[in-house]
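Colleague: Questions regarding the structure given below will be posed in turn.
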Amino acid sequence: MEKEVLIQIENITKKFGDHVVLSGLSLTIPKDGIFGIMGLSGSGKTTLLNILIGFWQPTSGKVYYNFVDIHKNQHLIKQLFGFATQEGSVYPNLTVEENLRYFGKLYNIQSRELEKRIYELIKQFDLLDSRNQYAKELSTGMYRRLDIACSLIHNPKVLILDEPTGNLDPILRKKVMAMIREIQDNGTKVIITSHLLGELEKVCDTLAILHKGKIWEFGTPNELKEKYTTYEEMKIETKSHNYEELIPMLKRFNTRNITQKNKELFLYTTEAENILSYILNYLKTTNDQLLNVEVSKPSIEEVFESVTRR
Amino acid sequence: MKPLFNHQKQMQEKLYERPTINPFTKIYFMLEKNLKLLIRTKTTAIIFILGPLIITALLAIAFNTSTLADVNIAVYSDSYSELTESLINNLSASNNNIIKANSEPDCIDSARFGDFQVCIIFPEDLAVSNDGDNIISIYVDNSRLNIANLIASQITTKVSIESSALSEDMISNILIVLDTANTKSTQTKSIVTELLSKNSEITSSIEETSNSLESLDLDYTSIDNSTTINGYLSTLSSACNSSSSTITKLKDQITALQNNYSLVTTKLTSAKDSIETLSTTLPTISSDISAQTSKLNSIETNLVSITNNIATIQVTNAGSIATPLRTEIESSSTTNSFLMFILPTMLTIIIMFLALLMSSSGIIAEKESKAYFRNFITPTNGLLFLMGEFLSNILVLSAQIVIILSVLYIFLKGVISQEALILTGLALLSIGIFFTLLGMLIGYLFNTKQTVTIASISTGMVLLFFSNTIIPLETLSSKIRDVLSYNPFILGETMLKKILLFNSLFSGIDQMLLIMGIGSLIVLIAAIVARSISKHYFST
C-alpha cells in the first residue's frame, strides 16, 4: 500500500567547499509513523536534517513539504518544524520557564497562549518541579527533555530529533524513546536520527540507511531485515544451562555466531525448524528440559552492517 | 516530483497558521534574555559596573592637578660659576629635586636609565664673555615624549629668563655708552661748528690781509742823495757861513735821516720781500685752512651722522632689545588641570575598549552558546537578533556612561556645566554606538573567544596609535592625515575636547556626530552580512 508522502527529497547534493557530504540523495518520508535515519558518524545525517529544516540550502536538488518547496517558504517552514540538536540548544543561565518563554516569543506565540503552552509542556515532560531551575543545573535527562520541549513550544507539525538519546544511560534512553512515541501519538510527525540502531528498530516505523552521502535502503525494519538476511535468530534455554556438548553438534547445521550469554544459547541459522527438532531429541536423550525457545529475524544492526560493508 | 498547483495552494493555505507578533516585543524579550544572562554571571556584572567607576575615579583623583611634582634633575659642570649656581637655584625653586652628578657620563646615564628625568650639563665657568661658548646641554629621555618635552620646555624657559636678564644688563650698559657718545658727539659737533666758523673768518681775514698786502704800495724811488746832500750842505755851509754846529746838526740830522731812510728803505725792501713771501705763503695757508675746513666739515658730517643714527634707534628700552619678541603660552581652555586635558582622550579610550570588548565577547558568547543554533531556525528575522544584541550592549554601555558622568560631576562640579555634561553623554553615546557595532562585527567574523579578544584589542590599538595620543599626526604625510581625520577615535576625542575644554555647543559637534552616524550605519550593514555568514560557524 502506498503511503501518503509528507516530505519529498529530490536528488539533493550538499557540498562544503570541496567536501561533498550528500550526493544525489533522494528520499520520501511518509506521513505516518516515526521515521528514522541510520548512518555512521560523519555520514551526513545532521546535514540532511539541517537541510530539512531549511538551515542549509542544498547545493542542488529540492525538498518539498506537502508539495511546498521548503527553501522558498522558509518563514512558513520554520513555524511548522521543530528541531532538537544532539547537544541541546537552550540557554544554561536561563530557567526552564525562561527558555520556553523566550523561544516561544521567537515563534510568534502570543502571551496568553504561550503561558498555557509552557504549562502543558512542563507537565508533559515532567519538569514541573524544576520550572524555576537554571538549565545548567538540570540533570542530563531533564536537560534533554527541556531541549525537546523547546522544540515543541510552537506546536510544530514535524519534530526532527538529532541523536536524542546520545550520552544517556539505558533507562533514560528508554524514557526518552517513550516520550518520542507519545509525541508522535499526539499528532506531531517525528523524524529521528541515531547511531543506536537497536533503539531505532524499536521505535521507528520506517527506516532509511544513509551511507556515503546517499540513501541506500529504505523501508520498515522488518522489510529491511527480510531483504538483507535469511538467517533467523534462535534463543534457547534449557534446564541444565549446559550447552557444552550441544554447541559442536549444532555446528553441523547451517549456523553462525553460536554464543552462550548467561543461561541462554544464541545462534543464527537458516534451519530453525531442523535445529529445534534436533534439540528436542537431544534433550530427551540427556534427560534435560527445554525451558524457552525464541525464533526471530536478526537485528537491524546486521542489516546496517551489510549495507555499510559495501 | 511536480506538485499539483491546486493541491499546493490548498496546502499553503492550511500551512499558514500563526501571524507574526510585534517585533518590538521580540526585541524586548531578547533584551530581557541578554540582561539576565549578563547579570547572572556575577563577576561579569561586577566588572561591568565597577570597572568604569574605578577607572574614572582613579583618573580624577590622580590627575586633578596642574603642575609636575617632584621632577628629579641631575646637573653637572666641570666648574660651577656664579651664573651656573644662580641657574641651579632658579631650577630648584620650582619643586624640582636637583642633584649634582659626579661626572658628565654619570649625569647622562642617570637620565637615560630613568633615575632622573633630566640631565643638564653646564659649561665650565659659565659666564658671559666675548669668547665664551655658552651652550647648556639638556639630556632627556625622548622615549617618554610627553614628559620629556614638558620638562625640557620648563628648563629652557628658566634658562631663557636668566639669559634675558643678563642680556638686558649688557644692553643697558651699551645704551648708556651710546647715550654718552651721543652727548659727546653733540658737544663736539658744536665745537667743530665753531671751528668751522672761525676757519671761515680766518680765511676771510687772510684774504683781506692778502688783498691789503697786495694793495700796499711799498714802491719807492730810491734817492742816492748823500753826495747831493753833502754837496748842498757844503754849499749851504759856504753860503750861510753859519756855524758849523748848526750845519753839523743839520748834517747830523740829514745823516740821521739818511740813515733812517736807508733803514726805512731796507725795511721797506724787507717788508716788500716779506709781503711777497706772504703773498706766496698766504694762499698756501688759505689752502691749508680750506683743507682743514673740509676735514672739519667731514668731522661735522660724521658727528651729525652719528647723532642722527643714534637718534634713529627707536627702541631704547634694554628689556625690549634683549627680548624683542616674547611668547606666552596661554591656555585656550578655561582650566589648567591635567585631568581636564587628558579627560577627552581617556573617556574615548575607556568607551572604545568597553564597547569593543563587551559587544564582541557578547556575540562570541552567544555563538558559543548551544542555543545560538536555535535562533536560526525560528521564524524571526536575523536583523531583530542583531538589534536585540545591539540594544542590550547599548543599554549596559549607557549605564556605564551614566556612572562615568556621575563620577566626573562629583570631581568637576563647577568646572563642567550641566549642559556640557549632557553633550558629553551624547558624544560618548555616539562613540559607544559605533564601537559597539564594530565589536559586534568582529564577534560575527571570528569564531573563538581568544581571536575575538585579540581582534578587538588590536582594532582599538590601531585606532589609538593613529591618533594624536601617542605620536603627533603631524609626523605623517598630509594624505594619510586626511584619511585619518575620519578615524572614529579622533572624531570622538575631538568632540569631547570641544565640549569639555572649549565649551562648544551642539552646533560645534553636529558634523562629527553625522560622520559617526554614517560610519555606524556602514558598520551595521557589515555586521548584518557577517551575521548571515556566521551560519557557517556550524559547518566547522
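Colleague: Only one of B:SER478, B:SER520, B:SER539, B:SER532 is open to solvent by less than 80 Å² (accessible area, probe 1.4 Å), away from chain A (no Cβ under 14 Å) and modelled with pLDDT under 90. Can you tell me which?
Modeller: B:SER478
Colleague: Considering only residues that are among the β-branched types (Val, Ile, Thr) and either at pLDDT 90 or above or surrounded by 22 or more Cβ atoms within 10 Å (Cβ to Cβ) (or both), which ones fall in the range A:204-220? Spell out how you get there, then give the answer.
Modeller: Quick first cut of the range A:204-220, residues among the β-branched types (Val, Ile, Thr) only: A:206, A:209, A:215, A:220.
A:THR206, A:ILE209 - these are the residues of the range A:204-220 that are among the β-branched types (Val, Ile, Thr) and either at pLDDT 90 or above or surrounded by 22 or more Cβ atoms within 10 Å (Cβ to Cβ) (or both).
Colleague: Check off (1) assigned to a helix (DSSP H, G or I); (2) surrounded by 14 or more Cβ atoms within 10 Å (Cβ to Cβ) for A:GLU226 and give me the number that stays unchecked.
Modeller: The number of the failed condition is (2).
Colleague: Just name the residue that is nearest to A:LYS263 (Cα to Cα) out of those in the range A:278-296 that are open to solvent by 70 Å² or more (accessible area, probe 1.4 Å) and assigned to a loop (DSSP other than H, G, I, E, B).
Modeller: A:GLN289
Colleague: When the residues of the range A:101-125 are narrowed to those that are at the interface with chain B (Cβ under 8 Å from one of its Cβ atoms) and of a type in the set (D, E, K, R), which ends up farthest from A:ASP147 (Cα to Cα)? Let's see the steps before the verdict.
Modeller: Going through the range A:101-125, the residues at the interface with chain B (Cβ under 8 Å from one of its Cβ atoms) turn out to be A:101-103, A:105-110.
Checking which are of a type in the set (D, E, K, R) leaves us with A:101, A:105.
Numbers: A:ARG101: 13, A:LYS105: 16 Å.
Filtering the range A:101-125 for residues that are at the interface with chain B (Cβ under 8 Å from one of its Cβ atoms) and of a type in the set (D, E, K, R), the one farthest from A:ASP147 (Cα to Cα) comes out as A:LYS105.
Colleague: Using the structure shown, decide if B:THR469 is open to solvent by 20 Å² or more (accessible area, probe 1.4 Å) and either outside any helix (DSSP H, G or I) or touching a Phe, Trp or Tyr at 6+ places or on another chain (Cβ under 8 Å) (or both).
Modeller: Yes: the conditions hold for B:THR469.
Colleague: With respect to the numbered conditions (1) modelled with pLDDT of 90 or more; (2) surrounded by fewer than 16 Cβ atoms within 10 Å (Cβ to Cβ), which one is the sole condition not fulfilled by B:PHE489?
Modeller: Answer for B:PHE489: the failing condition is (2).
Colleague: Could you say which residue among A:HIS71, A:HIS75 is within 22 Å of B:ASN375 (Cβ to Cβ), open to solvent by 10 Å² or more (accessible area, probe 1.4 Å), part of a helix (DSSP H, G or I) and in contact with a Gly (Cβ under 7 Å, 6 or more places away or on another chain)?
Modeller: On the way: A:HIS75 fails: in contact with a Gly (Cβ under 7 Å, 6 or more places away or on another chain).
After applying the criteria, what remains is A:HIS71.
Colleague: Next up: Is it fair to say B:SER129 is assigned to a helix (DSSP H, G or I) and open to solvent by less than 70 Å² (accessible area, probe 1.4 Å)?
Modeller: So B:SER129 fails the test.
Colleague: Now for a different question. Given the residues A:ARG181, A:ARG256, A:ARG252, which is the only one that is in the same structural domain as A:SER43 (by TED's automatic domain parsing) and either of a type in the set (Lys, Arg) or assigned to a helix (DSSP H, G or I) (or both)?
Modeller: A:ARG181
Colleague: Output yes when any residue across the range A:126-140 is crowded, with 19+ Cβ neighbours inside 10 Å and either of a type in the set (Lys, Arg) or at pLDDT below 90 (or both), and no when none is.
Modeller: no
Yes/no matrix, rows are residues, columns are (1) of a type in the set (Val, Ile, Thr); (2) touching a residue at least 60 places away in the same chain (Cβ under 8 Å):
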residue	(1), (2)
B:THR203	yes, yes
B:LEU218	no, no
B:SER234	no, no
B:LEU257	no, no
B:SER262	no, no
B:THR280	yes, no
B:LYS295	no, no
B:ILE299	yes, yes
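Colleague: Out of A:ILE37, A:ILE51, A:ILE12, report the one residue that is crowded, with 22+ Cβ neighbours inside 10 Å, without any contact (Cβ under 8 Å) to a residue 60 or more places away in the chain, more than 9 Å from every other protein chain (Cβ to nearest Cβ) and not in a helix (DSSP H, G or I).
Modeller: Just one listed residue meets the conditions, A:ILE12.
Colleague: Additional query: Considering each residue of the range A:68-100, count those that are touching a residue at least 24 places away in the same chain (Cβ under 8 Å) and either within 8 Å of chain B (Cβ to nearest Cβ) or polar (S, T, N, Q) (or both), and give that number.
Modeller: The qualifying residues number 16.
Colleague: Just a yes or no: is a residue in the range A:21-34 open to solvent by 10 Å² or more (accessible area, probe 1.4 Å), part of a strand (DSSP E or B) and free of Cβ contacts under 8 Å to residues at least 60 places away in the same chain?
Modeller: Scanning the range A:21-34 turns up no residue that is open to solvent by 10 Å² or more (accessible area, probe 1.4 Å), part of a strand (DSSP E or B) and free of Cβ contacts under 8 Å to residues at least 60 places away in the same chain.
Colleague: List the number of the failed condition for A:PHE266; all other conditions in (1) touching a residue at least 12 places away in the same chain (Cβ under 8 Å); (2) open to solvent by 30 Å² or more (accessible area, probe 1.4 Å); (3) not in a strand (DSSP E or B) hold.
Modeller: Exception for A:PHE266: condition (3).
Colleague: Further question on the same structure: Could you check A:GLU237 against (1) part of a helix (DSSP H, G or I); (2) modelled with pLDDT of 85 or more; (3) touching a strand residue (DSSP E or B) at 6+ places or on another chain (Cβ under 9 Å); (4) not small (Gly, Ala, Ser) and say which number it fails?
Modeller: Status for A:GLU237: all satisfied but (1).
Colleague: Could you run through the range B:357-382 and say how many residues are β-branched (Val, Ile, Thr) and either more than 11 Å from chain A (Cβ to nearest Cβ) or under 60 Å from the mean Cα position of the chain (by Cα) (or both)?
Modeller: The number of residues fulfilling the criteria is 2.
Colleague: Considering B:LEU391, B:LEU357, B:LEU384, which residue is open to solvent by 20 Å² or more (accessible area, probe 1.4 Å), touching a residue at least 60 places away in the same chain (Cβ under 8 Å) and within 24 Å of A:ASP147 (Cβ to Cβ)?
Modeller: Numbers: B:LEU391 fails: within 24 Å of A:ASP147 (Cβ to Cβ); B:LEU357 fails: within 24 Å of A:ASP147 (Cβ to Cβ).
The match here is B:LEU384.
The values are calculated or read from the model by the stated rules, or taken from the named source; none is laboratory data. Everything numeric here is computed off the predicted structure, so don't read it as measured data. All Cβ positions, even for glycine, are placed from backbone atoms using ideal geometry, and neighbour counts span all protein chains on display. For accessibility, only protein heavy atoms count, side chains too; no ligands or nucleic acids. Shrake-Rupley method; radii C 1.70, N 1.55, O 1.52, S 1.80 Å.
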